[in-house]
Amino acid sequence: MKAKASRDVNERGLQNTPKWRLGFHNAAKQTARFSGHAGSFAIAVLARLVWAISGPFYGFSDTWQLVINTGTTIVTFLMVFLIQHTQNRDSEAAQLKLDELIRAVKSAKNSMLDLEDLDDGDLDRMRESYEKLAARARNEVGRRKQPRGARSKR
C-alpha cells in the first residue's frame, strides 16, 4: 500500500521529491483520513472509558493518571503537526487553483496573484478598496430592488 501511494504521488510529477518527504506525506494523508472518521472518535471514547473504569482497580494512583496524561499529550503533539501539514497542503492547493482562475479569466486582475505574499498594510489597503466596491454594489442592488415611487422620495 505504501509503495503504491508513493508511486501514485510520483506519477503526478513529484519525481524529485525525497522519499522521506513522500513517506511523511503519505503517512499524514492516511492518518488524517483515519482520524477524521467517526470510528476513530469511537475508539478514542472507548479508550477513555476503559481508562476511567480501570481507575478503581489501580486505586486512582498517580501512575494511572500519568498513563492518560502522557498518552493524550503525545497524541495531541503529533496531531498538531499532522493538522498543520494537512492545512498547509490544502491551503496551497486552493491558492494555486485560485491563481489559475485569475490567470485564465481575461477580465481578472493579474495583480491579485500571490496576494498571500503581500505585507499586512498592502493587504489592508486592497481589502478596503474591495470593501468599497462591495458597498457600492450593495447600494446599486438596493436601488434596483426598490419600487419606482420609493426612488423619487430621495
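Any read-out appearing in this document is the output of simple, stated calculations on the displayed coordinates, not a laboratory observation. These numbers come from a predicted model, not from an experiment. Here the Cβ positions follow ideal geometry from the backbone for every residue, glycine too, while neighbour counts run over all protein chains shown.
Quick look at the numbers
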item	result
Estimated FRET transfer efficiency (residue 124, residue 102; beta-carbon r; R0 30 Å; 0.05)	0.90
Amide hydrogen neighbours beyond the local backbone of residue 113, cut-off 5 Å, H modeled	none
Relative packing of peptides 24-30, 117-123, 49-55 - highest average C-beta neighbours within 10 Å first	24-30, 49-55, 117-123
